[in-house]
Amino acid sequence: MTQHLVVPVRPALSGEGEPDARRRADWWREAVIYQVYPRSFADANGDGMGDLAGVRARLPYLRDLGVDAVWLSPFYASPQADAGYDVSDYRRVDPMFGELADAAGLIEDAHALGLRVIFDIVPNHCSDQHEWFQQALREGPGSALRRRFHFRPGKGENGELPPNDWESIFGGPAWTRVTEPDGTPGEWYLHLFAPEQPDFDWDHPAVADEFRSILRFWLDLGVDGFRIDVAHGLVKAPGLPDLGVHDQLKLLGHDAMPFFDQDGVHEIYRSWRPILAEYSGGEYGDDRIFVAEAWTPTVARTAEYVREDELHQAFNFQYLATPWEAEALREVVDLTLDAMRPVGAPATWVLSNHDVTRHATRFANEPSTSTQIRTPGDRELGLRRARAATLLMLALPGSAYLYQGEELGLPDVTDLPDEVRQDPSFHRQNGQDGYRDGCRVPLPWSGTAAPFGFGPAEGGPSWLPQPPGWAELSVEMQTGDPTSTLELYRSALAIRAEHPALGAGDGVDWLDAPEGVLAFRRGAFTCVANTGSAPVRLPVPGRPLLTSGAEPVLDGGTAGSGTAGSGTVEVAADTTVWWTDR
């Protein structure tokens, strides 16, 4: 199949003419942001665990891929009960990832390459090894430090029952009872995730003060923004009322919850926004950003997080959970654009991340709104749909997020042995699926044997085992192959950066199309996505730029330089094609 129907020219990062998006103050309105999961990206010291030095060494790859910014999942000091989302010290790099100088050097190197850097911040909870929590345990009931968390006496005759019926996202009750300094069973503390992750009480002013200080610490180091973990969870309903139902995880994203998406979170983010204004000027100007990980019942509720005086972007999880079906996709695109337009925020689009099954595997199975799929499905079909879905996503107005390895067409590893799994919810009941390790397997870079260039030595360790077949999916094997998924991404990102109709925007013009087909225009650009299982024929939209699969076939059985209105063209099943008028 042919991808390079037109050879794009990527604009320079600097120099005369229209500035590249990465140099503009509003870069985030159309940025393509690449998520790095540090432990699985690149291992510089050969211990089997990815590290910041490994990320630094691979930054030129990301520059050449064509992304605008890099978002790093947590690398802070942590006991690693939840892969670093249990932070014990927010101002220190965990030794497994390096040291503070590595973080500073990574930011400096990225800026030299024209890339921005976004760090994760985890404000809903910390590690049970955090000094505040440890002191709260030592001091016992009545400790001032306990008021910075949600400590409560239990119910029942002897306090033997949890304070309320809330359930952990990872399974089991959301409360754990502590043993007091005198050895007796004591109070309970709230943890919406693992017991090793106590929730902060954001009603306490010391918590707010501490996080404003943490933000400034990393901004002083030069970071360009923050992705806010569990941005919807910081404020709990007054009195911590019972929910009154079990299997609460099934309600997430669908119903109002007393511990998620409470209106009080917006005051916190209004207090954060001015902090970024303190860091105006310099090479990049007043252009640092906040990105919310906010699971909400509706896109309209998500839009409240990105009002003018709050955050800049929020992840579009409704889009991520939409199956590969034209009608469903069009509905969520319209809902998203309609919700973001009144608040003046850009839409965001995402297909995969470190918490969900990779979309090459989700789309390999029967259509589903589930983001956790345990079966490999039809690998060839899944990849074909994943490539098509990527071109559709990158054609939509706003900002797009890529998860490391999706540009290689990596599937989820669905057959990891139980004994190697490290997802903390794997051995807990009634919580998250526990199979998130499948999307976190280390990347294949080069070579014919594991760890495929992830580490410096062939046959070296990797914290999760890689499938032998990944040798064919490595960066080395795909580079230069015009049919590869990697080269498809490189071409798509180059065209996206160069074509004036792509990137920022707040709407699309839908075109009439056969059933199962999405077709829309954005100025001189047209996107046609056939989500069906059979080829479709439709009027020629223009000159073809790029296809995710088989080359579109014009009336006479030829392909190539069509012009709008010059007959009809056949678009293959599960294929997206880009077209231009110019």
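Out of all the residues in segment 432-469, which are outside any loop (DSSP other than H, G, I, E, B) and acidic (Asp, Glu)?
Asp437
Going by what's in this entry, would Ser127 be described as of a type outside the set (Asp, Glu), open to solvent by less than 10 Å² (accessible area, probe 1.4 Å) and touching a helix residue (DSSP H, G or I) at 6+ places or on another chain (Cβ under 8 Å)?
Here the answer is yes, as Ser127 does meet what is asked.
Looking only at segment 317-353, which residues are out of contact with any helix residue (DSSP H, G or I) (no Cβ under 6 Å at 6 or more places or on another chain), among the polar types (S, T, N, Q) and open to solvent by less than 10 Å² (accessible area, probe 1.4 Å)?
The answer is Thr348, and nothing else.
Thr568 fails exactly one of the following numbered conditions: (1) surrounded by 22 or more Cβ atoms within 10 Å (Cβ to Cβ); (2) touching an Asp or Glu at 6+ places or on another chain (Cβ under 8 Å). What is the number of that condition?
Every condition holds for Thr568 apart from (1).
Let me spell it out: the conditions are (1) closer than 22 Å to Arg29 by Cα; (2) surrounded by 24 or more Cβ atoms within 10 Å (Cβ to Cβ); (3) out of contact with any helix residue (DSSP H, G or I) (no Cβ under 6 Å at 6 or more places or on another chain), and Val117 meets all of them except one. Which number is the exception?
Against the list (1) closer than 22 Å to Arg29 by Cα; (2) surrounded by 24 or more Cβ atoms within 10 Å (Cβ to Cβ); (3) out of contact with any helix residue (DSSP H, G or I) (no Cβ under 6 Å at 6 or more places or on another chain), Val117 comes up short only on (3).
Please count how many residues of segment 521-542 are hydrophobic (A, V, I, L, M, F, W, C) and either open to solvent by 10 Å² or more (accessible area, probe 1.4 Å) or without any contact (Cβ under 8 Å) to a residue 40 or more places away in the chain (or both).
Residues meeting the conditions: 5.
Among the residues of segment 473-490, which ones are surrounded by 14 or more Cβ atoms within 10 Å (Cβ to Cβ) and over 15 Å from Leu65 (Cβ atoms)?
The answer is Leu473, Met477.
In the list Ala388, Ala360, Ala364, which residue meets the criterion of being in contact with a helix residue (DSSP H, G or I) (Cβ under 6 Å, 6 or more places away or on another chain), aliphatic (A, V, I, L, M) and under 30 Å from Trp27 (Cα atoms)?
Just one listed residue meets the conditions, Ala360.
Taking the options Arg92, Arg138, Arg58, name whichever one is over 30 Å from Ala457 (Cα atoms), out of contact with any Cys (no Cβ under 7 Å at 6 or more places or on another chain), modelled with pLDDT of 95 or more and basic (Lys, Arg).
Going through Arg92, Arg138, Arg58 in turn, the sole match is Arg138.
Out of curiosity, is Val356 assigned to a strand (DSSP E or B) and surrounded by 17 or more Cβ atoms within 10 Å (Cβ to Cβ)?
No: the conditions fail for Val356.
Those residues that are within 34 Å of the chain's Cα centre (by Cα) and either farther than 28 Å from Gly382 by Cα or at pLDDT below 70 (or both), I need them from segment 548-582; list them, please.
Correct list: Asp581, Arg582.
Report the residue count in segment 288-345 for those that are of a type in the set (Phe, Trp, Tyr), in a loop (DSSP other than H, G, I, E, B) and touching a strand residue (DSSP E or B) at 6+ places or on another chain (Cβ under 8 Å).
Of the residues in that region, 2 qualify.
Checking the structure you have, find out if any residue of segment 143-163 is in contact with a Lys or Arg (Cβ under 6 Å, 6 or more places away or on another chain) and closer than 22 Å to Phe260 by Cα.
Within segment 143-163 (the criterion being in contact with a Lys or Arg (Cβ under 6 Å, 6 or more places away or on another chain) and closer than 22 Å to Phe260 by Cα), the answer is yes, since at least one residue qualifies.
Quick test for you: out of Ser399, Ser370, pick the one residue that is under 27 Å from Arg39 (Cα atoms) and modelled with pLDDT under 95.
Ser370
Looking at Gly264, Gly186, Gly233, which is the one that is modelled with pLDDT of 95 or more, within 20 Å of Ala300 (Cα to Cα) and touching a strand residue (DSSP E or B) at 6+ places or on another chain (Cβ under 7 Å)?
Within the list Gly264, Gly186, Gly233, the selection yields Gly233.
From the list Asp102, Asp86, Asp109, exactly one residue is more than 21 Å from Gly455 (Cα to Cα), of a type in the set (D, E, K, R) and either open to solvent by less than 10 Å² (accessible area, probe 1.4 Å) or part of a helix (DSSP H, G or I) (or both). Which is it?
Residue meeting the stated conditions: Asp86.
Six or more apart or on different chains, Cβ under 9 Å: which pairs go from a residue in segment 438-464 that's touching a residue at least 40 places away in the same chain (Cβ under 8 Å) and open to solvent by 40 Å² or more (accessible area, probe 1.4 Å) to one that's in a loop (DSSP other than H, G, I, E, B) and polar (S, T, N, Q)? Could you list them?
The qualifying pairs are Pro456/Asn45.
Could you check segment 31-79 and list, in sequence order, the residues that are among the polar types (S, T, N, Q) and either assigned to a strand (DSSP E or B) or under 27 Å from Cys126 (Cα atoms) (or both)?
Across segment 31-79, the qualifying residues are Gln35, Ser40, Ser73, Ser78.
Within segment 226-244, which residues are touching a residue at least 60 places away in the same chain (Cβ under 8 Å) and among the β-branched types (Val, Ile, Thr)?
Ile228, Val230
Of everything in segment 24-53, what is open to solvent by 10 Å² or more (accessible area, probe 1.4 Å) and among the aromatic types (Phe, Trp, Tyr)? Give them in sequence order.
Trp28
Count, please, the residues in segment 148-176 that happen to be within 26 Å of Lys250 (Cβ to Cβ), charged (D, E, K, R) and open to solvent by 70 Å² or more (accessible area, probe 1.4 Å).
2
For segment 334-385, enumerate the residues that are in contact (Cβ under 8 Å) with a residue 60 or more places away in the chain, of a type outside the set (Ser, Thr, Tyr) and either in contact with a His (Cβ under 9 Å, 6 or more places away or on another chain) or over 29 Å from Glu487 (Cβ atoms) (or both).
Of everything in segment 334-385, those that are in contact (Cβ under 8 Å) with a residue 60 or more places away in the chain, of a type outside the set (Ser, Thr, Tyr) and either in contact with a His (Cβ under 9 Å, 6 or more places away or on another chain) or over 29 Å from Glu487 (Cβ atoms) (or both) turn out to be Leu337, Met340, Arg341, Pro346, Gln372, Arg374, Arg385.
Taking the criterion of being in contact with a Phe, Trp or Tyr (Cβ under 8 Å, 6 or more places away or on another chain), farther than 22 Å from Trp295 by Cα and open to solvent by 50 Å² or more (accessible area, probe 1.4 Å), would at least one residue in segment 184-204 satisfy it?
No, every residue in segment 184-204 fails to be in contact with a Phe, Trp or Tyr (Cβ under 8 Å, 6 or more places away or on another chain), farther than 22 Å from Trp295 by Cα and open to solvent by 50 Å² or more (accessible area, probe 1.4 Å).
Might you let me know whether segment 277-298 holds any residue that is loosely packed, with under 15 Cβ neighbours inside 10 Å, within 21 Å of the chain's Cα centre (by Cα) and modelled with pLDDT under 95?
Checked segment 277-298: at least one residue is loosely packed, with under 15 Cβ neighbours inside 10 Å, within 21 Å of the chain's Cα centre (by Cα) and modelled with pLDDT under 95.
The values are calculated or read from the model by the stated rules, or taken from the named source; none is laboratory data. What you see is a predicted model, and the numbers here were worked out from it, not measured in a lab. Here Cβ is always computed from backbone atoms with ideal geometry, including for glycine, and neighbour counts include all displayed protein chains. With ligands, DNA and RNA removed, areas are computed over all heavy atoms of the protein, side chains included. Shrake-Rupley method; radii C 1.70, N 1.55, O 1.52, S 1.80 Å.
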